[in-house]
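Here the structure is laid out as structure tokens; the discussion comes afterwards.
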There are 2 protein chains.
Amino acid sequence: MSPRDAALELDAASALRGRRDHFRLPPGTIYLDGNSLGALPHGVAERLAHVVTEEWGRGLIASWNTAGWIDLPRRVGDRVAALLDLPEGTVWVSDSTSVSLFKTMVAACRLRPGRDVIVLERATFPTDGYIAASVARMLDLELRWAESDRVEEYLDDRVALVCLTHVDFRTGAMFDVDRVTARAHEVGALMLWDLCHTAGAVPVDLVTAGADFAVGCSYKYLNAGPGSPAFMYAAREHHAHLDQPLSGWMSHARPFDMELGYEPVEGVGRLASGTPPILALSALDAALDAFEGVDPGDLRAASLSLTDLFIRLVEERLPGVFEVLTPREHARRGSQVSLRHPEAYAIVSALIARGVVGDFRTPDVARFGFAPLYLTHADVYDAVDHLVGVMEGREHDRPEHAVRRAVT
Amino acid sequence: MSPRDAALELDAASALRGRRDHFRLPPGTIYLDGNSLGALPHGVAERLAHVVTEEWGRGLIASWNTAGWIDLPRRVGDRVAALLDLPEGTVWVSDSTSVSLFKTMVAACRLRPGRDVIVLERATFPTDGYIAASVARMLDLELRWAESDRVEEYLDDRVALVCLTHVDFRTGAMFDVDRVTARAHEVGALMLWDLCHTAGAVPVDLVTAGADFAVGCSYKYLNAGPGSPAFMYAAREHHAHLDQPLSGWMSHARPFDMELGYEPVEGVGRLASGTPPILALSALDAALDAFEGVDPGDLRAASLSLTDLFIRLVEERLPGVFEVLTPREHARRGSQVSLRHPEAYAIVSALIARGVVGDFRTPDVARFGFAPLYLTHADVYDAVDHLVGVMEGREHDRPEHAVRRAVT
């Protein structure tokens with residue numbers, strides 16, 4: 001059997017076969033950048049058209065009630081919760097990841113008065129670090145930067161909060177949530193997980209781990225569109241004492257009584273701030289339909305099978321050309337594969353010219369995301385085939401691949 | 001000539017005649033709630049369909065560059081700036097009003113170190129007060145609550161920031177921007193104007209007044225849809241020293257270098273936080289087309305003519321029934337008329353049953369917004385005719401109008 005036929009056979013045996021039919025993928029493209037911006041699920045355009053034309057255009061202001069807009073952050077939050085195996089009423093969706101990090105970080109640190117350190121890892125996604133620095137400044141705390149492979153050595157009884165990205169955006173390496181959360185709790189700190197590169201691709205059990213907070217974005221593996229809002233998780237035990245700084249009217253116990261004094265609502269709605277972004281929430285709501293009936297175990301199995309195959313084919317066909325930054329060990333791997341190469345930028349650019357879309361992360365990382373809902377083993381085979389073509393033809397030497405452009 | 005014919009004559013003479021053709025208004029509805037949620041402009045649904053299907057679905061990640069997503073907050077900000085007679089490069093659009101207030105309030109207070117008071121008015125929209133309370137707590141400042149009709153008496157050299165809503169959401173009363181801003185500056189304070197009920201209906205000249213900051217929402221008279229993002233204005237003289245607390249990666253000088261250290265970008269982009277909400281920004285961009293070619297003076301003249309007519313007809317046809325809360329004086333009136341009545345809730349509900357949509361503000365205010373782009377004098381005449389019908393038939397006594405529902 002040819003290697004490509006073997007890939008096709010894996011697809012035929014996958015529990016997720018046919019799931020890509022839920023997406024509109026442009027023909028001629030192998031899209032390995034769903035970890036940056038997820039592909040468009042069917043139903044999103046239709047839902048937005050309905051929300052705009054019928055709910056807004058025809059229903060006008062009444063749609064806050066009749067179309068259930070006012071409850072949308074909670075309802076969409078509950079759907080995200082279900083996908084992440086979190087309890088109902090513990091997830092809220094309203095603002096960007098950066099803003100959501102600010103809210104949850106401040107809330108967490110206020111639950112640990114007298115402690116004055118936030119622990120972050122040096123490999124964190126930048127916005128987590130920038131926001132933590134602002135939180136530290138405003139609450140008079142210190143940032144402590146840990147090496148990612150030995151975070152536990154940085155924990156002590158001064159630590160209020162440990163904030164880590166579950167799956168590293170550069171390397172795809174993954175933390176042991178149970179172990180790190182337990183270690184944070186041992187020193188009396190709270191644990192916040194950034195699930196941006198987790199949600200929709202890698203199952204995680206925050207309840208068993210006892211994690212306190214989580215934030216994650218919805219425009220990557222959740223496929224909710226460019227700049228869609230982030231979700232926030234707060235463990236129920238913290239709800240009664242949640243004290244977050246963006247205390248806008250939507251987090252008030254009685255927003256429409258228009259009282260001058262602030263009294264926060266009970267429950268996870270306390271994480272709300274302003275008027276919820278209805279168009280974006282509706283897009284996310286529709287995008288989540290693509291996950292209906294998907295078993296998280298099947299999702300994980302498909303993801304690992306795709307990344308296993310990609311790593312194996314790259315090493316077999318281009319031995320010694322790339323350093324595989326992503327861990328081989330399943331328990332430590334997210335849903336992406338990162339290849340280090342001094343000419344990574346040009347190689348990614350040359351691949352894009354061939355219709356294989358990955359992305360580049362400074363200084364020398366070619367990053368390939370494997371969204372298990374819409375990628376197949378045949379895609380993986382073909383992508384590596386293109387990569388071989390690029391390297392053998394030295395297509396990355398062409399001048400048009402030298403000029404860098406920013407991509408998110 | 002009948003009174004209704006007189007109204008039709010005013011419409012025929014209006015500089016804005018025909019402008020309502022830019023909107024999709026449901027037949028049989030007179031929509032006097034554009035100060036809560038603006039009507040749907042033509043072109044928004046089409047633009048969103050294009051952004052979703054073509055830019056996102058087909059262009060995928062490349063659209064951050066090829067479709068100009070990355071610059072959308074600035075480009076849309078510049079369009080809002082043009083509408084508000086503000087300079088290019090001084091307006092940014094990204095987050096909710098509450099979040100935008102937090103950013104600008106903190107930035108403003110940090111520009112006045114050593115001062116420890118924020119002045120607000122008791123009539124402020126609640127979220128302004130809640131957010132100011134959070135800012136005061138985090139920066140160790142005090143809130144000072146002023147009576148709206150004598151704010152100037154509350155100013156002294158302890159005041160860092162004066163934050164006022166230009167047009168009062170309950171009464172429609174309007175501040176004298178020049179005078180109050182000048183008085184704030186005299187004591188060395190900075191001035192932040194909340195333009196939520198101003199933008200798109202009432203011209204304001206913040207540059208001549210010398211105002212420092214402004215925030216306003218885009219889902220009211222700017223018609224950008226439910227929960228659309230707010231705009232922030234920062235006077236150019238403050239840009240070099242802007243220091244805002246939601247310092248996410250999009251406000252970094254080089255976001256895609258993914259540096260651990262935060263270095264803010266030059267200019268108004270310093271007010272950015274997370275990844276911009278592309279669907280919402282696109283909707284706002286398309287919604288602004290309805291203002292193309294509209295002279296702000298004509299907008300204001302139409303608004304005043306509509307509210308003048310409404311007040312006159314209510315007083316002529318229902319003498320003594322309502323207290324008109326909104327100032328008669330043009331210079332002190334926004335684009336709404338608020339009528340006080342003990343049964344205001346039931347009256348609004350009975351009007352809605354007749355297709356005349358206003359809204360209710362606790363405890364006893366019936367509020368009618370006059371969006372000059374899509375409302376006509378004939379609408380005003382017909383709305384008052386319905387109001388007369390409600391009051392004469394005591395329709396508000398019917399039990400179905402007694403149950404209160406929340407509307408934003």
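Every number here is computed from the coordinates shown, using simple stated rules; none is lab data. These numbers come from a predicted model, not from an experiment. Methodologically, a virtual Cβ is constructed for each residue, glycine included, from the backbone with ideal geometry; neighbour enumeration extends over all protein chains shown.
What to note about this one:
- Projected area averaged over orientations for chain A, convex hull of C-alpha atoms, nm²: 20.9 nm²
- Taking every DSSP helix (H) stretch of at least 4 residues in chain A, weighting each as -39,500 (n - 2.57) and dividing the sum by the residue count yields a mean residue ellipticity at 222 nm of -10000 deg cm²/dmol.
- Radius of gyration over Kirkwood radius for segment B:183-284, both on Cα atoms: the Rg/Rh ratio is 1.01.
- Comparing A:210, A:261, A:77 in a Gaussian network model of chain A (Cα springs below 10 Å), the most mobile by mean-square fluctuation is A:261.
- Rounded Å value of the spacing that divides the Cα centres of segment A:86-116 and segment B:256-317: 30 Å
- Straight-distance crosslink candidates among lysines, where the alpha carbon sits under 27 Å from residue A:220 and sequence neighbours closer than 8 are dropped: A:103, B:103
- Tensor-based shape of segment B:224-366 (alpha-carbon gyration tensor, a/c under 1.5 rounded, otherwise prolate or oblate): prolate
- Look at B:60, A:222 and count the other Cβ atoms within 10 Å of each Cβ; fewest to most, that gives B:60, A:222.
- Look at the Cα gyration tensor of segment A:235-282: its axes a ≥ b ≥ c give a/c of at least 1.5 with a/b at or below b/c, and that counts as oblate.
- Cα→Cβ-extended label distance, 7 Å offset, between residue A:208 and residue A:145, nm: 3.5 nm
- Calculated diffusion of segment A:40-142, Stokes-Einstein form, Kirkwood radius summed over Cα pairs, 25 °C and 0.890 mPa s, µm²/s: 147 µm²/s
- Distant-in-sequence amide contacts of residue A:123, defined by a placed amide H-H separation under 5 Å and a gap of 5 or more residues or a different chain, comprise A:148.
- For segment A:226-242, Karplus couplings with θ = phi - 60° (6.51, -1.76, 1.60), whole Hz, Gly/Pro x: x, x, 5, x, 8, 9, 10, 10, 10, 4, 4, 4, 8, 4, 5, 10, 4
- Applied to segment B:192-200, the Karplus parametrisation 6.51 cos²θ - 1.76 cosθ + 1.60 on θ = phi - 60° returns per-residue 3J(HN,Hα) values of 10, 9, 8, 9, 3, 9, 10, 4, x Hz, with x for Gly and Pro.
- Förster-model FRET efficiency, 41 Å R0, residue A:323 and residue B:110, C-beta, rounded to 0.05: 0.40
- Taking other C-beta atoms within 10 Å as the exposure proxy, A:237, B:55 rank A:237, B:55 from fewest upward.
- Residue order, fewest to most beta carbons within 10 Å, for B:325, A:37, B:143: B:143, B:325, A:37
- Taking the charge dipole of the protein assembly as shown about its Cα centre, with +1 at Lys and Arg Cβ atoms and -1 at Asp and Glu Cβ atoms, the residue from A:25, B:190, A:127 reaching farthest to the positive side is A:25.
- Using alpha-carbon coordinates, inclination of helix B:126-139 to the longest axis of chain B, degrees: 20 degrees
- In terms of its alpha-carbon gyration tensor, segment A:110-267 comes out oblate; a/c meets the 1.5 threshold, while b/c is at least as large as a/b.
- For segment A:71-80, backbone phi angles converted through the Karplus equation (6.51, -1.76, 1.60; θ = phi - 60°) give residue-by-residue couplings of 9, 4, x, 6, 5, 5, x, 5, 5, 5 Hz, Gly and Pro being listed as x.
- Pairs of Cα atoms nearer than 8 Å and 6+ residues apart set the relative contact order; for segment A:273-408 it is 24 percent.
- DSSP finds beta bridges in the protein assembly as shown, and of those with both partners inside it, around 55 percent are antiparallel.
- Environment charge at residue B:79 (Cβ cut-off 11 Å; Lys +1, Arg +1, Asp -1, Glu -1): -3
- Two-decimal Rg/Rh across the protein assembly as shown, once Rg and the Kirkwood Rh are taken from alpha-carbon atoms: 0.99
- The mean sequence distance of close C-alpha pairs (under 8 Å, at least 6 residues apart), as a share of the length of segment B:46-291, puts its relative contact order at 24 percent.
- Taking amide hydrogens as placed 1.01 Å from N in the peptide plane, the amide H of residue A:162 sits under 5 Å from those of A:119, A:190, A:191, A:192, each at least 5 positions away in sequence or on another chain.
- 12 Å beta-carbon shell around residue B:98, net charge (K/R +1, D/E -1): -2
- Using the Cα coordinates of segment A:303-391, the gyration tensor eigenvalues translate into equivalent-ellipsoid semi-axes of 18, 15, 13 Å, sorted from longest to shortest.
- Shown is the FRET efficiency for residue B:9 and residue A:66, computed with R0 = 35 Å from the Cβ-Cβ distance and rounded to the nearest 0.05: 0.40.
- Positive contributions from Lys and Arg (+1) and negative ones from Asp and Glu (-1), summed over other residues with Cβ under 12 Å from the Cβ of residue A:266, come out at +2.
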